[in-house]
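Working notes, beginning with the structure itself.
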Amino acid sequence: MRSNLLRFCNIYLQDGPIRLLTGSLRKNRIAQTYIFAGARSVGKMRLAKTFAAILQCLGPTISPDGEPGACGKCLPCRRVLAGSHPDVTFIRPLGNEIRIEQVRQMRDQAMLHPYLGKWRIFILDPADRLNESSANSLLKILEEAPDKVVFILIAEEIERILPTIQSRSEMIRFNHPSHKAARDTIVQISGLAPEVVARLYALTEGAFGATLALSSLETPIGEYLPLGQAQVRFLEDIEKFSVHVQEKVNEAPSLEAALSVFESPEIALFLPLLESRKSFVRGLLMAESLPAAFPVMFTGAFQNAIQRSRKSLEKVIETVISRQKSAYASEIIKDIDWQFGLAVQMLFQAQIHGLLDCLRHWCEDLFHFGHTGDETWLLNLDRKEDIMTLSQARGIGFAETEVQLLARILELQSRNVQPGLLLENVFSSIGGRN
Ligand SMILES: [Zn+2]
């Protein structure tokens, strides 16, 4: 899978961005700053890594149709593939934002000559999480940085990036392929039946890369339960998910490896939980009526499940740290401990986000598909009949109100507003089907 990062042809449905970068490479006119702008999971990070590999490669290749690629054999290529190239640095948010200390550290590195490669490359993912002071600090770096430094700013929400940074950057806008185009492409690549791809695609909430990764691993069961059972299963699976992460952390040969468990994309692809979450959200929308106490009761049970899962994971981490402590300086242990804390927090925040996002996609489907009957933008294609039933029972007005409410709630959630209140608010708005 990783060697796919060496060539642009392994990135799908993004001809425009690829053409621009290929042009840059051919003319040897590399911009200092690129902004990779586009929706979630359309290949921005993959393209950034491929571009970095080609820039660093000692013997880049040109295919017969003129497409540049990395050789995959030289030391820089091998290091890029292993994710350990000293001149390719990833800057990711700590908690909810990229902090000024991180940007300052990046400045110090940017001023040095490349250590191994030809370029110093910094990939900020996502750069729309720079806070005000870190964004201003980045702007200064862009003004001062020496040659041979490339910044790639990855962003979903371009309007959150300072205009003064935008104007210094080459903007690479990614296509937003329709759900149908994405599914058709995955069917072609994976060779799986369209129904299986449709189900996996719905379970990952339309994430192209995640669907492709899952397609080589497991087949979904596709069991949909009535609300009562679906809710029990969903809460149980949150704890199973935690156990799954605990096992990975426990098996890791070092503390660094244990930390990187949280960064691995596979961790978010725990299929039983994706299935039971989908089944719960479907049950919620399909229920004829919801008891008045449901919003408060379920929110409480959900938060308890998260708390319990979190605590048992923290306990395992504590054991793993104390087992390996003697191999590290105490300052480093402190830092690692802090990073684990943050990673666990993000992991469970992502569960709340995932639930809200899943609900939003159902409501978007109700709105668009109920309106037009067009499958091009239908995310939950495997539940087409449910969507039809629901859009008739609940009406377009309900779907529209919910989509707007969920967009607002997701925004508040990203700003750490108390999740219990947000969830109760959302569940209260759903009511029954009749
Ligand atoms: Zn190479």
| request: Quick one: which residue in A31, A39 is more than 16 Å from the ligand (Cβ to nearest atom) and closer than 24 Å to A213 by Cα? | output: A39
| said: Just the residues that are among the aliphatic types (A, V, I, L, M) and in a loop (DSSP other than H, G, I, E, B), please, taken from segment 75-112. | reply: M111, L112
| said: Checking the conditions here, which among G66, G72 is part of a loop (DSSP other than H, G, I, E, B) and near the ligand (Cβ under 8 Å from one of its atoms)? | reply: G72
| Within segment 153-167, is even one residue in a loop (DSSP other than H, G, I, E, B), open to solvent by 70 Å² or more (accessible area, probe 1.4 Å), at pLDDT 95 or above and of a type outside the set (D, E)? | yes
| message | If a residue counts only when it is among the acidic types (D, E), which helices (runs of 4 or more DSSP H) contained entirely in segment 243-356 have at least 2 such residues? | response | 294-324
| Mind checking which pairs have a first residue in segment 277-293 that is of a type in the set (G, A, S) and a second that is surrounded by 19 or more Cβ atoms within 10 Å (Cβ to Cβ), Cβ under 6 Å, 6 or more apart or different chains? | S279/A230; G283/L227; G283/A230; A287/L227
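How about segment 11-53: which of its residues are of a type in the set (V, I, T), under 24 Å from the mean Cα position of the chain (by Cα) and assigned to a helix (DSSP H, G or I)?
First pass over segment 11-53, keeping only residues of a type in the set (V, I, T): 11, 18, 22, 30, 33, 35, 42, 50.
If we keep only those that are under 24 Å from the mean Cα position of the chain (by Cα) too, we end up with 11, 18, 33, 35, 42, 50.
Correct list: I18, T50.
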| Tally of residues being within 13 Å of the ligand (Cβ to nearest atom) and of a type outside the set (S, T, N, Q) across segment 42-61 | 8
| Members of segment 54-63 found to be surrounded by fewer than 22 Cβ atoms within 10 Å (Cβ to Cβ) and in a loop (DSSP other than H, G, I, E, B), listed by number | L58, G59, P60, S63
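Every residue, every condition in (1) under 30 Å from A327 (Cβ atoms); (2) surrounded by fewer than 22 Cβ atoms within 10 Å (Cβ to Cβ), yes or no:
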site	(1), (2)
S254	yes, yes
L259	yes, yes
S264	yes, yes
L269	no, yes
P272	no, yes
F280	no, no
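The values are calculated or read from the model by the stated rules, or taken from the named source; none is laboratory data. For clarity, every value in this text was computed on a predicted model and none was experimentally measured. So basically every Cβ, Gly included, is an ideal-geometry build from the backbone, and we count neighbours across all protein chains shown. Side chains are part of the model used for accessible areas, which takes the heavy atoms of the whole protein and leaves out ligands, DNA and RNA. Shrake-Rupley method; radii C 1.70, N 1.55, O 1.52, S 1.80 Å.
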